[in-house]
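Working notes, beginning with the structure itself.
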Amino acid sequence: MEMGTEKKDELVPVFIMGKRYEVPASLTIQKAMEYAGYQLIRGCGCRGGICGACGTVYRYPGNFKIEVGLACQTLVQPNMYLAQIPFFPATKTVYDLEKVKPNIETIVKSYPEVLRCLQCNTCTKSCPMDIEVMDYIAAAMRGDVARLAELSFDCVMCGLCTSRCPAEICQYNVAILGRRLYGKYVAKKAEHLASAVKAVEEKKYEKMLKELMVAGEDTLKDLYNMREMEPEQADDDWVPKDKTYL
């Protein structure tokens, strides 16, 4: 390589929505689509594997298997055929959390298809967050709300498990029902949260909020820049010096 020149990234062919493009091999699917000229308006989200908005299906030539992943995490591979699924049309049951109980009857009534689970583990293999999806569905089938909530806690609701499930279960909606039941009826109530809710109800922050709402742009910038920030290595009991609104 000559002095002063940089080695160019290798280009690989990919097929986006059926059309062939050549993109740098180091890019994620999401960045490769933008490199190819696509303007991502939906399905780009956080770009860091957190929001689950960029579900993608892809296949390699000569291989019958459909692969799934998040476009912001998955690197392009030569000759992959890919398509975006930013929203998966899964079953979503309406329920009144005030009128249900944290048991198997509530889960089965809301999502009876959980009892069709084959324990094939396809959902777990499809999960980009490495969640034991099959295990939390098994917990749902037992009515173990606490275990269901614990195992599904990191779910980003991307829908990839549901898109592959042969029993057509919407795992992530079962999971969010479990976490809601756990938070409402099983988990120990947080004293600090109750205290904060009470402060809101007593309108403790009304004056501060009204001041912010009428403040000009420069004032808001100054308040933001002069705010006391929590240290990176702060102890659990750290509080700011100004406790006016605590």
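Structural remarks
- Considering the conditions (1) β-branched (Val, Ile, Thr); (2) under 18 Å from ASN103 (Cα atoms); (3) more than 27 Å from the chain's Cα centre (by Cα), ILE176 is excluded by exactly one of them, (3).
- Residue that is assigned to a loop (DSSP other than H, G, I, E, B), over 18 Å from the mean Cα position of the chain (by Cα), more than 30 Å from GLY45 (Cα to Cα) and not β-branched (Val, Ile, Thr), where the choices are LYS210, LYS198, LYS243: LYS243
- Residue in region 78-99 that is in contact with a strand residue (DSSP E or B) (Cβ under 9 Å, 6 or more places away or on another chain), of a type in the set (S, T, N, Q), touching a residue at least 24 places away in the same chain (Cβ under 8 Å) and in a loop (DSSP other than H, G, I, E, B) present: yes
- A count restricted to region 11-41 and to residues that are open to solvent by 50 Å² or more (accessible area, probe 1.4 Å) and not in a loop (DSSP other than H, G, I, E, B) stands at 7.
- Contacts under 6 angstrom Cβ, first residue in region 42-65 being open to solvent by less than 90 Å² (accessible area, probe 1.4 Å), partner polar (S, T, N, Q) and at pLDDT below 85, 6 or more apart: GLY43/GLN84; THR56/GLN84
- The single condition from (1) in a helix (DSSP H, G or I); (2) at pLDDT 90 or above; (3) more than 30 Å from SER110 (Cα to Cα) that HIS192 fails is (2).
- In region 213-240, the qualifying residues are those that are over 30 Å from the mean Cα position of the chain (by Cα) and of a type in the set (S, T, N, Q), and the one that is most open to solvent (accessible area, probe 1.4 Å) is ASN225.
Okay, residues lined up against (1) modelled with pLDDT of 95 or more; (2) open to solvent by 40 Å² or more (accessible area, probe 1.4 Å); (3) of a type in the set (D, E, K, R):
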site	(1), (2), (3)
PRO89	no, yes, no
ASN121	yes, yes, no
ASP130	no, yes, yes
ILE137	yes, no, no
VAL145	yes, no, no
LEU148	yes, no, no
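The values are calculated or read from the model by the stated rules, or taken from the named source; none is laboratory data. What you see is a predicted model; the values in this text were computed from it and never measured. When we count neighbours, we look across all protein chains shown, and the Cβ atoms used for this are built from the backbone with ideal geometry, even at glycine. Side chains included, ligands, DNA and RNA excluded: accessible areas come from the protein's heavy atoms. Shrake-Rupley method; radii C 1.70, N 1.55, O 1.52, S 1.80 Å.
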